[in-house]
Structure formats: structure tokens, C-alpha cells
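Structure record follows, encoded as C-alpha cells.
FYI, it's all coordinate maths here, none of it is from the lab. This one's a predicted model, so the numbers in the text were calculated from it and none came from an experiment. Heads up, the Cβs are rebuilt from the backbone with ideal geometry, glycines too, and the neighbour counts pull from every protein chain shown.
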Amino acid sequence: MSLRLGIIGTGTIAHKMARTVPLVPAVTLAAVASRSQSTASAFAEEFSIPTAYPSYDALYADPDINAVYVATPHPLHYPCALAAIRSGKHVLCEKPLTLTRADSAALYAAAREHGVFLMEAMWTRFIPTVLTAKRWLDDGRIGKVRYMTAAFGYHTPYDPTENIFRADMKGGALYDVGVYCIEAALDFMKPQTLVSVTGTADMTPSGVDAVNAFTMRFDGGAVAGLSSAISCTTDNAAVIYGECGRIKLGENFYAPKRAELIIGGKVVENHEIAFTSGFEYELAHFERCIKEKKPASDRIPPEDTLKCAEVFEKLTADWGYQDVRL
């Protein structure tokens, strides 16, 4: 039986998922919900979705929908995911799942209570080149990991009315793209575990970070030097350094089409792939976990999502973020 998916939200990321669903035969895009009928209907017409709802609650109540993709702005992830879980739907929620450890932990607890599957939509972890890099690491091809660098930055003109610059919408570089750097480090540094994080940021007049740099230190001695920005474009590459080689992901390490294994300064192996969306891999994994009745994903496990939220809380507290709510 096909997984019947409903999309909550109609923004840019929702459009990308709607274009992706046809690439995964086991999933059917059956409904979309927005906060207005006109917006939902326009989205449904664009993607030939049979049902368009003028409220999120209406979609949650639909017994024909058994899974939900949450594609709302950051502050709405928690209430939307929680409502979907309580209605008995499996949930794939855009990253970051939530912005605090307590909220993420509450969602996982609710999913267990209601017998549904919950996964953060960290699509990077499912890209084939990333899986290849992870295999090289696990096979010890570069020895013990000692250091990693990753940067994700883009430039957008400052406009305090835009969500990305609004404190109440949890804008800023860290939440928007720094999440990729954090969760890449948590993945590639395993089995080492995070012990501390420090960093600095330049804040906008509206109270969010325009550019940041931070360091994550792990119990095996490894260090990750990471940065993210919405005020400048970076090379968006990642390099993992081991005692006897390195692995490079780029360009765009968050969705790399090439991975290189470099030993002695020479590329000894590489993996290249062309893909249509990149979301198809996480969506297929989500569907498979549900079909196999897995309690959690083994690629983006709850522990990593919770740890990422801890990093958010530590850095934003240090940078003087205000707890502004909608």
C-alpha cells in the first residue's frame, strides 16, 4: 500500500518536496494544507494534488492521510508536528526539527506514545555521495578523524521584514544553514561524541546572526571548525581530515554530487552521481522505515537531532538571542 502523504505549508521547501514525491513510487502526494483555501488550491492545482485544505487541522483530521511532511517556518515545526503525531500521522519534519532539546524530546516522546514514526528531514545524510564518504570513514580509509571544516553561506540583502531576518520567525544563519554544518559534524565524527561548542557571530539590527563561526570539540580529540552565513556566499565545501588522508565533499556539501578520497595528496577514489532533487533519498528512507515499523531512523537518529538542538541553545545564548515568540 502506498504511503499517502500530506504536505503542511506551501513555501519554497514544500514546492521542492511536491516535485520530489513522483520520484518515489511508494509514496503518493494526496493532500496539501495552507492557512487559506486559495493558497492551498493553487498549490494543489500546480502539482495535481487531489485535496487542498484551508487549515492544517483539516488535513490532520483526514483519515485517508497516513503521513505528514511539515514544511512550515521554524517556530511552527513543533506545534505542527505535535498535532500531526496526536492525530496518528507519521511525520517527516523539515530541519531543524525544533530549536530546543526539550521540544524535540517532547516530539519523540509523543511519537512513541501514539505509535507513529517521526524523522527530521535532514536530506543531506541520505545523498549517495555522503553515504560513500561515511563508508570510507567507517572503513578507516583516512584513519582516526582529527579535524573537519565546513561552511555554508549565501548572500541575501538585509530586509528586517523578511522571515530570514526576523527574530520572531527564528531567522538567521545558524538555524537556516548552520544546521547542515552541525549535523554533518555529528555524523562524520562518530564514534566520537560532542563535549563542547564555542563560537562568535555578527548580529543584524533585527537580532539574528548574519554570519557566524563556531568550533565543536569531541571526546576523541577531534575538532570541527564550522561557519554559516546569510550575508556572504562561501565555498560551501566540507573536508574531513584523518591521520592518513582526507575526504572532500563539494561543491555544496549539503547535497554533493562528488566525493573524493585523498591519500598522500592524490585522489585515490571518487564517487560522482547526478540526481534530480536530492529529497528522493530521504523520502524513500522515511517510507521504508514506516513499512518496516522501525522505531527511529538509523541515519538521522533522535540522539543527533537532540544534540543539534543543544548546540543551538548554547550558541544562541552566548550570542544574546532573545526568546522572541510568535
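Hand me the chymotrypsin sites (Phe, Trp or Tyr not before Pro) from the range 203-285 located in a DSSP loop with no more than 11 other Cβ atoms within 10 Å, in residue order please.
none
Greater than 19 Å separation of Cα atoms is the criterion. Which listed pairs, Lys144/Lys190; Lys16/Lys89; Lys144/Lys248; Lys89/Lys294, meet it?
Lys16/Lys89
When the helix-only estimate is applied to the chain (DSSP H runs of n ≥ 4, each -39,500 (n - 2.57), divided by the residue count), what is the mean residue ellipticity at 222 nm, nearest 500 deg cm²/dmol?
It comes out at -9500 deg cm²/dmol, rounded to the nearest 500.
With θ taken as phi - 60° and the coefficients 6.51, -1.76 and 1.60, list the Karplus ³J(HN,Hα) couplings across the range 120-125 in order, rounded to whole Hz; mark glycine and proline as x.
Rounded to whole hertz, the list is 6, 7, 8, 4, 3, 5.
Provide, for q = 0.13, 0.15, 0.18, 0.24 Å⁻¹, the log10 of I(q)/I(0) from a solvent-free Debye sum over equal Cα point scatterers in the range 237-326.
Result of the Debye calculation: -0.76, -0.93, -1.05, -1.10.
In debye, nearest 20: dipole of the range 176-326 around its Cα centre with unit charges on the Cβ of K, R (+) and D, E (-)?
Details: 15 positive and 23 negative charges, 63 e Å.
Dipole about the Cα centre, nearest 20: 300 debye.
Separation between the Gln37 and Cys232 pseudo-spin-labels, each 7 Å from Cα along Cα→Cβ, expressed in nm?
Between Gln37 and Cys232, the simple spin-label model gives 5.1 nm.
Which listed residue (Ala274, Thr233, Ala222) has the Cα farthest towards the positive end of the charge dipole for the range 125-275, taking +1 on Lys and Arg C-beta and -1 on Asp and Glu C-beta about the Cα centre?
Ala222
Sticking with the crude label model, points 7 Å out along Cα→Cβ, report the distance from Ser55 to Arg258 in nm, one decimal please.
That separation, rounded to one decimal, is 5.2 nm.
Can you tell me how much longer the chain between Lys266 and Arg19 gets when fully stretched, taken as 0.36 nm per residue apart minus their C-alpha distance, in nm with one decimal?
Stretched fully, the Lys266-Arg19 segment lengthens by 85.1 nm.
How far is helix 101-114 tilted off the main Cα axis of the chain, in degrees rounded to 10, range 0 to 90?
Approximately 50 degrees, to the nearest 10.
Restricting to Cα pairs below 8 Å that are 6+ residues apart, what does the relative contact order work out to for the range 125-275? Please round to a whole percent.
30
Need one number: nm distance between label points at Lys294 and Ala102, each 7 Å from Cα along Cα→Cβ, rounded to one decimal.
3.1
List residues of the range 228-262, by number, whose backbone nitrogen lies under 20 Å from a label position 7 Å along Cα→C-beta of Glu162.
Under cut-off, by backbone N: 228-236.
If I take every Cα pair under 8 Å that is 6 or more residues apart in the chain, average their sequence separation and divide by the length, what percent do I get for the relative contact order?
18
Taking one equal scatterer on every alpha-carbon of the range 125-275, how large is log10 of I(q)/I(0) by Debye at q = 0.08, 0.12, 0.15, 0.16 1/Å?
-0.24, -0.52, -0.76, -0.85
When the distances between all Cα atoms of the chain are binned every 20 Å from zero, what whole-number percent does each bin get?
All Cα pairs considered, the percentages come to 32, 59, 9.
Hey, got the dipole for the chain? About the Cα centre, +1 on K and R Cβ, -1 on D and E Cβ, debye to the nearest 20?
In total the dipole reaches around 680 debye.
So, by mean Cβ neighbours within 10 angstrom, what's the order for 134-147, 260-273, 177-190 with the highest one leading?
177-190, 134-147, 260-273
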